[in-house]
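A short write-up of the structure that comes next.
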Amino acid sequence: MHKLVLRSVTKSYAAGSAVLKPFDLVAQAGELVVLVGPSGCGKSTLLKLIAGLEKLDDGQILLGERDITNVEPRHRRIAMVFQNYALYPHLSVRENLAYPLRRQKLRAADIVLKVSAVARQLRLDELLDRRPSQLSGGQKQRVAMGRAIIREPDLFLLDEPLSNLDAALRTHVRGEIRDLQRRLGTTMIYVTHDQVEAQTLADRLVIMRNGEVQQVGPPQEIYERPANIFAAAFLGTAPPNFLAGRIVDDRVEIGQASLPLADLPGECRTALAGREQIYVGLRPEMLRPTCDLDRDHFVLRGKVIRREIVGNSQNVHFRSEAGSADAAKLSALAGRHLSDELVWTTERAGTDDAVELGIRPESILFFDTDGVAIGAHGSDAL
Amino acid sequence: MKRPLRFMLRLVLAALFVAPILLALAASFRDNSDMYRYAGSLSLWTFLPAEPGIDAYRRAFTLPLLQTQLFNTVLLGFVMATGTTVSSLLAGYALSRFRFRGRQALFLLMLFTLFIPVDVILPPLFFVVRDLGLIDSFWGLALPFIFSPIGVYLIRQAIEEVPRELDHAASLDGAGLWEVLRTAILPNIRGALIACWLMHFVFVWEWYLWPLTAMRSDDGQLAQVAIASLIDPLRSTDYALVFAAAILTILPAFVVFAILQRFLTSSQATTGGK
Amino acid sequence: MDTTIAIRPVRLKPRLPALLEGWGPALVFLAPALVMLCLFKLWLIAEAVYTSTGTFDPGGQRIGNAGLDNFGFALSDSRFQWGLWLSLFAAVAKVPVQLALGLAAALMLRANTGGNAVVRAMVISPMFFGLPVTTFIFAYMFDANVGAVNAILSGIGLPRVAWLSTEAPAQMLVLGLSIWRDVGVTMLVFLAGLSAIPPQIANAAKLDGAGPFALFFTITLPLLARSFQFAVVLATLASFQILVPVLMLTKGGPTGATDLASFQIYETAFSYFDLGTASAMSLALLFGLIVIIALELRWLAVKWTYE
């Protein structure tokens, strides 16, 4: 098992346009780290730098005890699974699997043994004599995985390996990858733009935007304590409802609603004291009808615009007097379009025209006007 | 580290292809006596004119039929380019959009004719054109090559890339077969049409064997064939005159190419961004 | 009216109109190409077959049937046999050299830098001058008296060569001209092939441990198989079209060194006016060319596809 360390790695293509700003990352031995972010955030570039397929401008990469910064890709002992699998079209499945072993000049008998072992493990026995063009998407994916594990590398890199599969298969293969990684215990860096995939797989998540790390941590922790509006909006089925708020005396005022600072957890209370303008984020799934809450200091009243039924839950879109903040600015901070409608996700069926909702004070997310979270959050050491 | 080597290799490669052409260009600006005087020993003047002059060009203009023959080449270029492009466009449209029995077989048959080089089949071709009574005529030169398998292939491929939805939309708007071709397809294959036209235009400057065989009269001959008769490898050839005349011959092709090449790249850029 | 008659029995054999299904409107558009195809390709072959079975007077009038005698005469003629060998030799010499050079140039110039684009344009440039003018240029360069090549040879202390009147140099000159002219086409074919290789596949091979040599021989070269096939067929076809420099410069000589089959065909028809034999020779050479190309297509068939 090998630990991967990136020290202030930078990369730019044209002068002045940094693809990666100085970037630090530690993946512990045996850890599955997921790099996640919208397209163009630099995550694929980062993967290519680790693989050695592109040269970094500055910085250092360590894998285990070795400094691999200037090592040729073929000597890095890194295996990669590409988005389109990059199987060798002119070789059979058998030869695709054997290719890395042949390059290591292994004995023919050993190659046969290893290929059949991996083929059994990944249920490729029947397909060994086919060519890649004769395989289904899922089968190609398994061959690509097989080619990666067969040489027992020090590190796995996976670049959106599921994006070419259909939705049902994706969930299944996701589980298989997780199991395989656990069983082999090899450190893995996994790149995706899909937040569900990221949360379900990751030991730790790295959320990236414009070549910069936004937050690093276990998925649950990032969900509960996002470091900024971007991270808050990125994880979760729907982004939080962002509202503008003000601190007046010892209360937080959000439109008509207000909430005493005294009701908030300690570190949050001290961090909020003395500020004026803030943003609050209310996750749609955290909102509750006021009648369900024991204390209802904070009440959000609204008129229902439409209800969307998704399986056994409902997304209730409503407009509130509390009003939303400047949608354009928030959209920029969140890196995605935010409307001025509010959303409540609930499992209750309802047809009312009006809603009256509250939220537990400890579930409220607070941000300053630059979008940075207020109060201690779970950003651990990079 | 290896950079100078790579640079040198590219330089050598470029020189290999450009030096002969530059040498010919230089020869057209020298005097014959000048050429023979410096040929014996190696010096800069072996390659470059010691006293550059345009005497050779002046003499080329006084060659009795060169201007007529040059006109023949250019006219043939326009006729061949236009003829092949139009016939290829119509055939390509039918082969791409119409359903009829044997469509694929016909297309393959057309492509197969690519394997009949004129060098090999020259006598029978001569007999066919003679039977049609077209020997020694402009159309005898042109007609046998107005069907071009490469042109059909090129244009059929281009039409294949035009989405069929465009045809359907046009025919729902009431367009007939000709209007579909004119309004839905033509604007989208401009790049391929110009490429086809240009290719067959320049291709006429390749011609030698066919006009040598099928055109016996001097004033109907093509310029490049007439100039070739000035070369006699066993006696001393007037190379200055040959290259001056040759450069005058190529010039129209270059001018047309330079003008149309701009359309070629720009139309590719617009159709490429689907 | 009796409506039951409307039900017609199903015909089992397709009638002629069924075979011509859909031709109606297509014919209008196909007409120009089809007429030319029939006249100058199909009739051409028919004419070749017909004349090859006849005897002619010097004026070109058919005076009798010869059956297959013309073929027998041509193929048993030792000069024509030599010509066929020479044509085969031209293909065998030209194709590998041109492919190796074209591939080397493509590999060297594949990166899209400004400098490479200029060098690429230069390698292609001979195509724009036309074969006649290219031949003028070579005639001048290799002229025994005023040619630059001989000047350079004597300048560095080597003997001058009488390029057109010595056998091997004359052959080299004709082949060299053809390769020099066509190598750009081969390069373009390989450049297109190289750019069709997904970069991911080369990247995967690098991570799988392939060095530059392994990458070239196990990935790049096999993935160029289609370009290879295409380039070989084009080069073979071009190797049968080197008559122009022979006709213009060497006239089949010296002592038969460039006495290609196609040159003999030209001479037989237009100098000796032996139309029957010339047609038979044409067909024999065409048959040889098609056999060679069919064999190449078979040997170089590609069994895999992307996706």
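Any read-out appearing in this document is the output of simple, stated calculations on the displayed coordinates, not a laboratory observation. Just so you know, these numbers come straight off a predicted model, no measurement behind them. Please note: Cβ atoms are built from the backbone with ideal geometry, for glycine as well, and neighbour counts cover all protein chains shown.
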Candidates per chymotrypsin sites (Phe, Trp or Tyr not before Pro) in segment A:1-99, loop by DSSP, up to 13 other Cβ within 10 Å: A:13
Assigned charges on the beta-carbon of Lys, Arg, Asp, Glu; chain B dipole about Cα centre (debye): 940
Sites residue B:112 and residue A:210 - FRET efficiency at Förster radius 56 Å, r taken between beta-carbons, to 0.05: 0.50
Cα gyration tensor shape for the protein assembly as shown, rounded if a/c is under 1.5, else prolate or oblate: prolate
Segment A:244-303-segment B:94-111 distance, computed between alpha-carbon centres (Å): 74
Candidates A:210, A:70, A:241, ranked by Gaussian network fluctuation over chain A, Cα under 10 Å, top entry: A:70
Inter-label distance, nm, simple model (7 Å from Cα along the C-beta direction), residue C:158/residue A:164: 5.2
Residue-count net charge about residue B:216 - beta-carbon cut-off 12 Å; Lys, Arg +1, Asp, Glu -1: -2
Separation between Cα centres of segment C:33-65 and segment A:153-202, rounded to whole Å: 70
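Compute, for chain C, the length of the dipole vector about the Cα centre, with Cβ point charges of +1 (Lys, Arg) and -1 (Asp, Glu) only. Units Debye, rounded to 20.
Numbers: 17 positive and 15 negative charges, 158 e Å.
It comes to approximately 760 debye.
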At least 27 Å along the helix axis (C-alpha) and Kyte average at least 1.0, DSSP helices within chain C: C:78-108, C:167-196, C:275-299
Distance between segment C:134-184 and segment A:67-114 - C-alpha centres, whole angstrom: 50
Inter-label distance for residue A:58 and residue C:267, nm, one decimal - labels placed 7 Å from Cα along Cα-to-Cβ: 7.6
Mean projected area in nm² (Cα convex hull; one quarter of hull surface) for segment A:4-229: 13.0
Folded to 0 to 90 degrees: helix B:103-112 orientation relative to chain B principal axis, Cα: 10
Neighbour-count order for C:82, C:180, fewest beta carbons within 10 angstrom listed first: C:82, C:180
Charge-dipole axis of the protein assembly as shown as Lys and Arg at +1 and Asp and Glu at -1 on Cβ define it, positive-most pick from B:52, C:183, B:223: C:183
Full-extension gain in nm, residue A:21 to residue A:317, via 0.36 nm per residue minus C-alpha separation: 102.7 nm
Radius of gyration and Dmax over the Cα atoms of segment A:126-250, both given in Å: 18.6, 75
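Rounded to the nearest 20 debye, what is the charge dipole size of segment A:238-367 about its Cα centre when +1 sits on each Lys and Arg Cβ and -1 on each Asp and Glu Cβ?
Taking the Cα centre of segment A:238-367 as origin, the dipole is about 280 debye.
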Proximal lysines relative to residue A:3, as straight alpha-carbon distance under 25 Å, when same-chain residues fewer than 8 apart are discounted: A:11, A:21, A:43, A:48, A:55, C:206
Residue of C:224, C:158, C:107 that the Gaussian network model of chain C assigns the largest fluctuation, springs spanning Cα pairs under 10 Å: C:158
Residue C:125-residue B:219 FRET efficiency (beta carbon distance; Förster radius 41 Å; 0.05 resolution): 0.80
Average projected area [Cα convex hull, chain A], square nanometres: 21.9
Separation of the residue B:71 and residue B:137 label points, Cα + 7 Å toward Cβ, nm: 2.0
Karplus-derived HN-Hα couplings along segment A:189-205 (A = 6.51, B = -1.76, C = 1.60, θ = phi - 60°), whole Hz, x at Gly and Pro: 10, 10, 10, 7, 10, 9, 6, 5, 4, 4, 5, 6, 8, 6, 6, 9, 9
Packing-based exposure ordering (other Cβ within 10 Å, fewest first) of B:196, C:38: C:38, B:196
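Round to the nearest 0.05 the FRET efficiency obtained for residue A:117 and residue C:192 when R0 = 51 Å and r is the Cβ-Cβ distance.
So the FRET efficiency works out to roughly 0.80.
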